1. Select from the stretch 11-34 the residues that are more than 19 Å from Ile102 (Cα to Cα) and part of a helix (DSSP H, G or I) and list them in ascending order.
2. Please tell me if Ile102 is within 18 Å of the chain's Cα centre (by Cα), farther than 17 Å from Met23 by Cα and part of a strand (DSSP E or B).
3. It is to be established whether one or more residues within the stretch 127-145 are touching a Ser or Thr at 6+ places or on another chain (Cβ under 9 Å) and of a type in the set (S, T, N, Q).
4. Being farther than 28 Å from Ala148 by Cβ, in a loop (DSSP other than H, G, I, E, B) and in contact with a helix residue (DSSP H, G or I) (Cβ under 9 Å, 6 or more places away or on another chain) is the filter here; which residues of the stretch 73-99 pass it?
5. Among the residues of the stretch 136-151, which ones are touching a residue at least 12 places away in the same chain (Cβ under 8 Å) and closer than 23 Å to Glu101 by Cβ?
6. Going through Arg104, Arg115, Arg70 one at a time, which residue ends up being among the basic types (Lys, Arg), closer than 29 Å to Ala148 by Cα, at pLDDT 95 or above and out of contact with any Leu (no Cβ under 7 Å at 6 or more places or on another chain)?
7. Can you pull out every residue in the stretch 101-142 that is surrounded by fewer than 16 Cβ atoms within 10 Å (Cβ to Cβ) and over 26 Å from Pro180 (Cα atoms)?
Amino acid sequence: MFLENTVNPKEQFGWIEVICGSMFSGKTEELIRRLKRAQFAKQKVEIFKPAIDVRYDEGMVMSHDANQIRSTSVPAAANIPILADGCEVVGIDEAQFFDDEIVRVCNDLANKGVRVIVAGLDMDFKGNPFGPMPYLMATAEYVTKVHAICTRTGNLAQYSYRKSQNDALVMLGEVDEYEPLSRGAFYKAMAQDKVNAVKVKTEKEPTDKLKNPHV
């Protein structure tokens, strides 16, 4: 259960909150909810996202269900401290796409008394820890892991399975490219992908040999 910290006027340090999970788990929706509460309380809030994320609106952080809040796109984590000067609350979406500098940036802001709320994928499409997220989770005071619903079993899902055969680590996409899967469904899907890859290679080899009989 997430409990928001209380502010001690004698304590000048802030804190870091990390919201993580798979795609379609509600990470951005939870980020927006917390930031809007801070705005309603008349706190000075700034929201940032990586410039690479252009799926919806360049000037908005937007969840899959179209919930949104105004944001600033930045090319690198080093741009955030300058733009966040004087803020009480800083929100960062899609943190996994930032460079490793984001860890130092978040901790420096927290050390200056800022409440930092970060959302991002904790695992990539192969099920490995994603970019700077493990380090952010390790140094955060609060970590909230949210879950999607597995499209194949109906169980809780924590994996983002990529349906296309693109092996690039960074590939922005929606339901056409990704689906949330539970542990069992994910590993079954990955095993089937390996079988399919072997079949494709086996079927292709005779054709290649016909084109080049000296092989």
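The values are calculated or read from the model by the stated rules, or taken from the named source; none is laboratory data. As the structure is a prediction and not an experimental result, all values here were calculated from the model. Because the Cβ atoms are built from the backbone with ideal geometry, glycine has one as well, and the counts that use them run over all protein chains shown.
1. Initially, the stretch 11-34 is screened for residues more than 19 Å from Ile102 (Cα to Cα), giving 11-12, 22-26, 29-30, 32-34.
Matches in the stretch 11-34: Glu29, Glu30, Ile32, Arg33, Arg34.
2. Numbers: within 18 Å of the chain's Cα centre (by Cα): yes; farther than 17 Å from Met23 by Cα: yes; part of a strand (DSSP E or B): no.
The answer is no for Ile102.
3. no
4. Ala76, Ala84, Cys87, Glu88
5. We begin by selecting, within the stretch 136-151, every residue touching a residue at least 12 places away in the same chain (Cβ under 8 Å); these are 136-137, 139-151.
Once the filter is applied, which keeps residues that are touching a residue at least 12 places away in the same chain (Cβ under 8 Å) and closer than 23 Å to Glu101 by Cβ, the stretch 136-151 yields Leu136, Met137, Thr139, Ala140, Glu141, Tyr142, Val143.
6. Numbers: Arg104 fails: closer than 29 Å to Ala148 by Cα; Arg70 fails: at pLDDT 95 or above.
Arg115 is the lone residue from the list that is among the basic types (Lys, Arg), closer than 29 Å to Ala148 by Cα, at pLDDT 95 or above and out of contact with any Leu (no Cβ under 7 Å at 6 or more places or on another chain).
7. Glu101, Arg104, Asp108, Asn111, Lys112, Gly113, Thr139, Glu141, listed by residue number.
This table checks each residue for (1) at pLDDT below 70; (2) under 15 Å from the mean Cα position of the chain (by Cα); (3) closer than 20 Å to Pro132 by Cβ; (4) buried (at least 20 other Cβ atoms within 10 Å of the Cβ).
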| site | (1), (2), (3), (4) |
| --- | --- |
| Phe2 | yes, no, no, no |
| Asn5 | no, no, no, no |
| Gln43 | no, no, no, no |
| Pro50 | no, yes, yes, yes |
| Pro81 | no, no, yes, no |
| Ala84 | no, no, yes, yes |
